[in-house]
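**Q** Please see the structure below; I have some questions.
Read-outs throughout are calculated quantities, based only on the coordinates presented, and are distinct from any laboratory measurement. Computed from a prediction, not measured in an experiment: that's the story for all the values here. Heads up, the Cβs are rebuilt from the backbone with ideal geometry, glycines too, and the neighbour counts pull from every protein chain shown.
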Amino acid sequence: MVEASSVEIRKVNKYYGDFHALKDIDLSIPPGKVTCLIGPSGSGKSSLLRCINFLEEYDSGEVLIDGKLIGYETPGGRRMSRRKLRQMRSTIGMVFQQFNLWPHMTAQENVAEGLRRVRGLRKAEAMERAAQALDRVGLSDRMANHPARLSGGQQQRVAIARAVAMDPRLMLFDEPTSALDPELVGEVLNVMKALAAGGMTMVVVTHEMGFAAHVADQVAFLDAGELVGVDAPARILREPEDPRIQSFLRTYHERNVI
Amino acid sequence: MFSLSTFLDAFWPLTLAARYTLLVSGLGIALGLVIGAFVCVLALSKSRAARTVAALWVSYLRGVPMLVQLLVVFFLLPVIGINVPAIVAAVVTTAIVASAYISEIWRGAILALPRGQTEAAIAIGMRPRDTWTRIILPQAVALSIPQLINELILLVKASSLVSVVGVMEITRASQAQAGVTFRPLEAYLAAACLYLVINLCLAALGRWLEHRMAV
Ligand SMILES: Nc1ncnc2c1ncn2[C@@H]1O[C@H](COP(=O)(O)OP(=O)(O)O)[C@@H](O)[C@H]1O
Ligand SMILES: [Mg+2]
């Protein structure tokens, strides 16, 4: 395992037109730890996550990966070169709610693609490494399948293998289990737990409070673009002080009682 | 009375003429694919000027009847000092008309791809060139096959128009045949059969390609 990255988010603001989507966000993500982002839908969780690999540009503030600013040359300055940005992104894995596998490639080709085009490996070696990555997520018997022939849980595990095969130092997950049938959620969470146990820095947007409670080292709660609180899961999920967190958790529990 | 032997005799000259039908529509679509790709790049460009050029190109070519465009090209080229055979004017016209439709087909196919397809490539650190050649285009091309085949079938039919500038393709050859034999019905029925055979073959090719490229 390569060393794990830290992420430092300082006074980050993000606008969509006039809409203020992220308001002065400050958040420290320690290396090798799991940070869960929770909050109501539309609160800015995805936006914040996507600022970390600059898939979404932030308008002010700083996002530092291992102390290095991403997206801009200097805070508030010029954009960083596309080459440097690609280089930084290649060490940050991302997993999407809709998997976003490439449908015209097999599972193995999906995983090998980044190794070939970004890492410059030769085809045989990339395919070999892809096979190993798929083996680690329990899909060695599904390597030749196209995504359409895989279940949602299997597709999401391929997507995780695709990111992990690049040897990232940081993994971003945007609601990785929200598109899955309930019985398939467990297999994906298990793969994520194994990654966390291996010492990967992980930032996970999730509605799985069980995962947040048991796997996260810290939980950050967002509401209407504000970071309302960050704390250990036991404290923020069991004895929240802020009424907005209390009301969010109450709604969550009511929905899950039935 | 319908004369079966006249009908059958018409097929040989018409089959020879079919080479020109295929030449005009085949070369037309081939060049149309190239020009169409270029127009599509303009249409998807960040530059407003480029998008305007593409929009003008597409709306002129789709808004004016092909027969009129053919006559414009045929009579315009000599005026600007280019003297080329009618067949060249026919191919050029077919190609530029096809390019307008093809660029729209491709633009639609590219825009139909989910945003996440590109985002996954960007997030992994892929270069724009690889993102296009490995992720976007293979999917967009596969997606556009049925419409491209459809366009090709339309071109085969539209190529009958180039008979007016004297290209001896199926339609003009059947007119000539009718004139020689004084039996128009047999000649035109033979022409209809030939067009039908060509287009059924193209439709079958389309289904085969679609099946092969399905993921
Ligand atoms: N591309 C966009 N353009 C305009 N508004 C957006 C865009 N993306 C997100 N938003 C808005 O920003 C807010 C936060 O969105 P998001 O980060 O996706 O929230 P979450 O992931 O917590 O549901 C929402 O109100 C959403 O409508
Ligand atoms: Mg979201």
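**Q** What residue among A:Arg116, A:Arg83, A:Arg162 has the largest mean-square fluctuation in a Gaussian network model of chain A, using Cα springs under 10 Å?
**A** Between A:Arg116, A:Arg83, A:Arg162, it is A:Arg83 that shows the largest mean-square fluctuation.
**Q** Over all directions, average the projected area of the Cα convex hull of segment A:106-258 and note it in nm².
**A** That works out to 10.3 nm², a quarter of the Cα hull's surface.
**Q** Starting from the amide H of A:Leu69, placed 1.01 Å from N in the peptide plane, find each other amide H under 5 Å away whose residue is 5 or more places distant or on another chain.
**A** Counting only residues 5 or more places away or on other chains, the set is empty.
**Q** What does the convex hull of the Cα atoms come to per residue for segment B:51-105, in Å³?
**A** Considering the Cα atoms of segment B:51-105, their hull volume per residue is 76 Å³.
**Q** Which three extents, in angstrom, do the Cα atoms of segment B:1-99 have along their principal axes, listed largest first?
**A** If we take the Cα atoms of segment B:1-99, the spans are 63, 30, 22 Å.
**Q** Can you show me the helix-derived [θ] at 222 nm for chain A, built from DSSP H runs with n ≥ 4 at -39,500 (n - 2.57) apiece and divided by the number of residues, rounded to the nearest 500.
**A** -11000 deg cm²/dmol
**Q** Most exposed first by the Cβ proxy, i.e. fewest other Cβ within 10 Å, how do B:Val164, A:Val228 rank?
**A** So the residues, fewest neighbours to most, are B:Val164, A:Val228.
**Q** What value, in deg cm²/dmol to 500, does the helix sum -39500 (n - 2.57) over DSSP H runs of n ≥ 4 give at 222 nm once divided by the residues of chain B?
**A** Details: 8 runs with 171 residues, N = 215.
Using -39500 (n - 2.57) per qualifying helix, the result is -27500 deg cm²/dmol.
**Q** Would you work out the Kirkwood radius for segment A:10-149? I mean one over the mean of 1/r across all pairs of different Cα atoms, in Å.
**A** 17.3 Å
**Q** Using only the alpha-carbon atoms of the protein assembly as shown, report the extent along each of the three principal axes, biggest first, to the nearest angstrom.
**A** Each principal axis gives a Cα extent; for the protein assembly as shown these are 98, 48, 47 Å.
**Q** Suppose we keep just the alpha-carbon trace of segment B:4-212; what are its Rg and Dmax in angstrom?
**A** Looking at segment B:4-212, its Cα Rg and Dmax stand at 20.3, 71 Å.
**Q** Ok, one more. Running a GNM on chain A with Cα contacts under 10 Å, which residue among A:Ser178, A:Ser247, A:Ser90 ends up with the highest mean-square fluctuation?
**A** A:Ser247
**Q** Here is a further query. If you take the Cα atoms of chain A, find Rg, then find the Kirkwood Rh from the mean of 1/r over all pairs, what is Rg/Rh?
**A** 0.97
**Q** Answer with one residue from B:Val68, B:Pro138, A:Pro103: the one whose Cα lies farthest towards the positive end of the charge dipole of the protein assembly as shown, charges on Cβ with Lys, Arg +1 and Asp, Glu -1.
**A** B:Val68
**Q** Among A:Asn13, A:Asn100, A:Asn110, which one shows the highest mean-square fluctuation when chain A is modelled as a Gaussian network with alpha-carbon springs under 10 Å?
**A** A:Asn100
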